[in-house]
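Take a look at the structure set out below.
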Amino acid sequence: MSDTVRREILVMLKSGKMSAGDIASRFNLTHATVSHHLSRLKSADLVFESKMKNFIFYELNTTVFDDLLLWISQFKGNDNSDEEL
């Protein structure tokens, strides 16, 4: 998540599934470099990969983000707080 290219890819994928070629076309990077970033996102379970004919498509794994938001929300505090003991 510390890499700006990976964060940009995640933002792009929030609109929906995209092919690897479409993702690569938005960067001034080699296809191999973009493929490396996609591979890292996939190994972190942040994106899913699906193959259709000769194309590879990527989409967000929203369950990971849902789990993260749920985990973060525990630090928010209790809005209906009872009197402290």
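Once you mark the trypsin sites (Lys or Arg not before Pro) that are in a DSSP loop and have at most 16 other Cβ atoms within 10 Å, what is the longest gap between them in the chain? By the stated rule (loop sites, at most 16 other Cβ atoms within 10 Å), 27-52.
Which whole-Hz couplings ³J(HN,Hα) result when phi for each residue of the range 28-37 is put into the Karplus expression 6.51 cos²θ - 1.76 cosθ + 1.60, θ = phi - 60°, listed in order with x for Gly and Pro? Each residue of the range 28-37 in turn: 8, 10, 5, 4, 5, 5, 5, 4, 4, 4 Hz. With one equal scatterer per alpha carbon and no solvent term, the Debye-computed log10 I(q)/I(0) for the chain at 0.11, 0.12, 0.20 1/Å reads -0.39, -0.44, -0.90. Based on DSSP H segments of at least four residues, each scored -39500 (n - 2.57), the chain has a per-residue ellipticity at 222 nm of -14500 deg cm²/dmol. For the range 8-15, putting each phi into the Karplus relation 6.51 cos²θ - 1.76 cosθ + 1.60 with θ = phi - 60° gives couplings of 5, 4, 4, 5, 4, 6, 5, 7 Hz, in residue order, rounded to whole numbers and with x for Gly and Pro.
Sorted fewest first by neighbouring Cβ atoms within 10 angstrom, Val11, Val64, Val5, Val47 come out as Val11, Val64, Val5, Val47.
Readers should treat all values here as calculations from the given coordinates under stated rules, not as data from a laboratory. Keep in mind that what you see is a predicted model, and the values were worked out from it rather than measured. Neighbour counts run over all protein chains shown; Cβ positions are idealised from the backbone, glycine included.
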